[in-house]
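The structure under discussion appears below in the form of structure tokens.
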Amino acid sequence: YTFTPNTGECANTQTLTIGVNPIIVPSFSPVSPICSGENLSSLPTTSNNGISGTWSPALDNTTTTTYTFTPNTGQCATVETLTINVTPNEVPTFAAVAPICTGEILNPFPTTSSNGITGTWSPGLNNTSTTTYTFTPDAGQCATNQTSTITVNPIETPNFAAVAPICIGDVLSPLPTTSTNGIAGTWSPTLNNTATTTYTFTPNTGECATPQTLTITVN
């Protein structure tokens with residue numbers, strides 16, 4: 001600015017400069033999205049273009065949040081915001097595996113869940129003992145571990161009370177279709193009250209049990 005004395009003043013003109021600094025917009029590198037619960041590094045307190053300040057609110061690694069950067073006093077800079085996206089974790093879903101009998105074939109688990117999450121299972125399949133398996137999602141997916149238990153039932157031997165010998169032609173009561181230890185099934189051949197015969201009990205499908213024999217003596 002130039003100061004010009006009024007006419008009649010015995011004085012020289014004078015100048016005065018007032019510096020006006022431009023308003024700077026603080027710039028920050030974007031933060032890549034994270035999965036819920038992942039580590040979230042502290043935001044820088046100095047912008048890429050040299051503005052210092054503070055952030056609010058406190059970092060939250062469980063939900064998408066917009067943070068506000070407030071420049072320190074004495075700097076010609078605007079308030080700036082930065083949004084960090086937090087993706088919620090999905091729970092891998094799998095169809096339940098029906099119980100099996102010891103030694104039966106156990107098909108491999110699918111490596112992709114029904115809701116599209118890929119990963120691996122551990123430990124190796126075991127068709128001799130009830131086992132809980134853990135599914136670990138592949139890296140880069142926002143998903144939690146999942147477990148699945150496959151029940152392996154032991155093979156039982158059906159137990160039956162012995163049948164006392166009979167005489168030819170005596171009445172022969174039907175054999176029980178459920179063993180004393182609870183296994184259901186069928187007998188063959190049909191009962192014969194004229195000759196000593198060995199009968200075979202075949203457990204019903206789905207019963208973890210072995211066939212059993214019973215001999216009825218006919219005198």
* Asked: Which of (i) 178; (ii) 130; (iii) 155 is the computed volume of the Cα convex hull per residue in Å³ for the structure on display?
  -> (iii)
* **Size of the stretch 59-162 as Cα extents on the principal axes (Å, biggest first)** => 101, 24, 19
* Amide H within-cut-off set for Thr131, under 5 Å, with H built and near neighbours excluded -> Ile150, Val152
* To do: Give the long-range amide H neighbours of Thr197: residues separated by 5 or more places, or on another chain, with amide H under 5 Å away, using H modelled in the peptide plane at 1.01 Å from N.
  => Ile216, Val218
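Count the net charge of all other residues whose Cβ sits under 12 Å from the Cβ of Cys142, scoring Lys and Arg as +1 and Asp and Glu as -1.
Details: positive: none; negative: Glu38, Glu90, Asp138.
Residues near Cys142 contribute -3 overall.
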* Asked: How many percent of Cα pairs in the stretch 103-214 exceed 18 Å?
  -> 64 percent
* Structure fact -> Per the beta carbon screen (other Cys under 4.7 Å), unpartnered cysteines of the chain come out as Cys10, Cys76, Cys167
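Could you give the dipole magnitude of the chain about its Cα centre, charging the beta-carbon of Lys and Arg +1 and that of Asp and Glu -1, in debye to the nearest 20?
80 debye
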* Short version: ³J(HN,Hα) in whole Hz for each residue of the stretch 63-70, in order, from phi by Karplus 6.51 cos²θ - 1.76 cosθ + 1.60 (θ = phi - 60°), x for Gly and Pro, what are they? -> 8, 4, 9, 9, 9, 10, 9, 10
* Sequence-distant or interchain residues sharing an amide H contact under 5 Å with Ala209, placed H: which? -> Glu156
* Asked: Just how far, in whole angstrom, is the stretch 135-156 from the stretch 8-37 if you go by their alpha carbon centroids?
  -> 59 Å
* Hz values of 3J(HN,Hα) by residue in the stretch 169-175 - Karplus curve (6.51, -1.76, 1.60), Gly and Pro given as x -> x, 4, 5, 10, 5, x, 6
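The numbers here are math on the coordinates, done by the rules we state, and not lab data. No experiment lies behind these values; they were computed from the predicted model shown. Please note: Cβ atoms are built from the backbone with ideal geometry, for glycine as well, and neighbour counts cover all protein chains shown.
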